[in-house]
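These notes are about the structure you will find just below.
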Amino acid sequence: MTALHLSLARWRLAPVTLMLMLSTVAIAEEPRLFSREWYAQFTGDFSRPVQPFRVVGNIYYVGAENIASYLIATPQGHILIDSGTAEMHDAVIGGIEALGYKPSDVRFLLASHAHFDHVEGHALIQRRTGAQVVAMRGDAEALETGHDTSALGAMGWEPVRVSRRLTDGDSVTLGGTTLRAIHAPGHTQGATIWRTTVEDGGRRYDVAFFTTTTPNPGVPLFDNPRHKNVIDDTRRTFRKLKAEREPDIVLVGHPQAMFAQTMERMRRGERPHPLLNGATAWTRQLATAEEDFERRVIQEQSRR
Ligand SMILES: [Zn+2]
C-alpha cells in the first residue's frame, strides 16, 4: 500500500474536502517513484512512534504512525507480523515491553511482503529477540539476499536468515493461535495475507492481515524484468482472494487512515468492535484494487 491508497482512503473520509480540492487546485501528485520525497514518506512521519494498544483478542499494535507491526501474544511466546523500517525498531521493541511482554519471547517473525518499509527491521528484530524468520517462497529469497526483487525494485535491507519457507495455505501455530498464510503474489512475489481467529469478550473474530495486492503505482506491468508474470500472478491473486470467506476484521500495513477514526476507540476497548466492518472492507478493497489494476493494464497496453 502506498501514499496513493492512503490519500484515497482519506478522500473517502472527507468528500467535501475532496470537492473543494478538485474545484480549486490540481490534486497534489504522488511523489515520483524512488525520488527523495517518495522514500521520505516512509521514514519521518510514517515511522513516528505510537503508543501500543490492543486491537482485538491477543492481537496488539506495536507499529508506527503509518507502518504496521502486529504482535500476537500467546502463553507460549509471541508472533510479530512485519518489523517495519529500521527507524521504527526501538519503538517496536519499546511497544512490546510497554504492553508487559518480553521481546525475547517473540518466537516467529512474519511479513506481509518483502518491501523495505515492512522488513527493513527484520535483521534487527531477529538479533534482538532471537525469533525465527518465517517467509513465503518468493519473498524468502529477497529477505535472504537483502534485495527488493519485486516488480517495484526499491531499496533493500540487511539480509536475514529465513528459518522456514512457506507455500500457500501453510500455517504458523503457537500457544493456541494459528495463522494461515495465503500466498498473494502481485505486489511482491511472496506477498502474504495472514488469517487467524481470536477470542475476545466471549465472541470469536475472524481477522485478516491484508496486504497490497498490486504493484505500486508507476511500476511497469509489462516485461517487468524482476517479475515477468506479474499480470497473471496478480489476476490469480484476485481470483483466490475473492473466493475467500470474508473476515470480520481487516487490518492493513499502512493503517493511518484506518486508525484515524478507530484508534482511540480501540484503546477504550469499545464494543461492538470499531473495525467490525471486515466483510465490507475486504470486498471493497479487492474490488477497487482489481478495477484500478485492470485499468492500468489497458492504459499500459495502449502505450506499447
Ligand atoms: Zn509494499
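Every number here is computed from the coordinates shown, using simple stated rules; none is lab data. Quick caveat, the model's predicted, so the values are computed rather than measured. Cβ placement follows ideal geometry from the backbone for every residue including glycine, while neighbour counts extend to all protein chains displayed.
The dipole here belongs to region 198-304: it is taken about the Cα centre, uses +1 on the Cβ of Lys and Arg and -1 on the Cβ of Asp and Glu, and is about 120 debye.
Considering only beta bridges that DSSP places wholly inside the chain, some 70 percent are antiparallel. Simple point charges give the picture: +1 on the Cβ of Lys and Arg, -1 on the Cβ of Asp and Glu, and for the chain a dipole about the Cα centre of about 520 debye. In percent, rounded to a whole number, the relative contact order of the chain is 14, using alpha-carbon pairs under 8 Å and six or more apart.
Taking other C-beta atoms within 10 Å as the exposure proxy, Arg204, Arg48 rank Arg204, Arg48 from fewest upward. For the pair region 101-163 and region 251-273, the centres of their Cα atoms are 26 angstrom apart.
Full extension of the segment from Arg268 to Lys242, taken as 0.36 nm per residue of separation minus the current Cα-Cα distance, would add 6.1 nm. Distance from the Cα centroid of region 205-235 to that of region 168-183 is 22 Å (rounded to whole angstrom).
Pop out the Kirkwood hydrodynamic radius of region 219-304 from its pairwise C-alpha distances, inverse of mean 1/r, in Å to one decimal.
15.2
The simple spin-label model puts a point 7 Å past each Cα toward its Cβ; for Thr145 and Ile298 those points are separated by 3.6 nm. Once divided by 2.2 N^0.38 Å, the Cα radius of gyration of region 91-238 becomes 1.09. In region 82-165 the Cα-Cα distances spread across 10 Å bins starting at 0 as 21, 54, 22, 4 percent of all pairs. Look at the Cα gyration tensor of region 256-296: its axes a ≥ b ≥ c give a/c of at least 1.5 with a/b at or below b/c, and that counts as oblate.
Dipole of the chain computed with +1 at Lys/Arg Cβ and -1 at Asp/Glu Cβ about the Cα centre; of Gln301, Ala243, Trp194, farthest Cα towards the positive end is Ala243. In region 33-139, the ratio of gyration radius to Kirkwood radius, Rg to Rh, stands at 0.97 when only Cα atoms are counted.
Remark on the chain: ratio of C-alpha radius of gyration to 2.2 N^0.38 Å is 0.95.
Among residues other than Pro217 with Cβ under 13 Å from its Cβ, the summed charge is -1 (Lys and Arg +1, Asp and Glu -1). Ranking of Val297, Val50 by neighbouring Cβ atoms within 10 Å, starting from the fewest: Val297, Val50. Note on region 99-169: with charges restricted to the Cβ of Lys and Arg (+1) and Asp and Glu (-1), its dipole about the Cα centre is near 400 debye. Here each label is just a point 7 Å from Cα along the line to Cβ, and for Gln51 and Ser35 those points are 3.7 nm apart.
Report note on the peptides 205-211, 148-154, 32-38, 257-263: ranked by the mean count of other C-beta atoms within 10 Å, highest first, their order is 205-211, 148-154, 257-263, 32-38.
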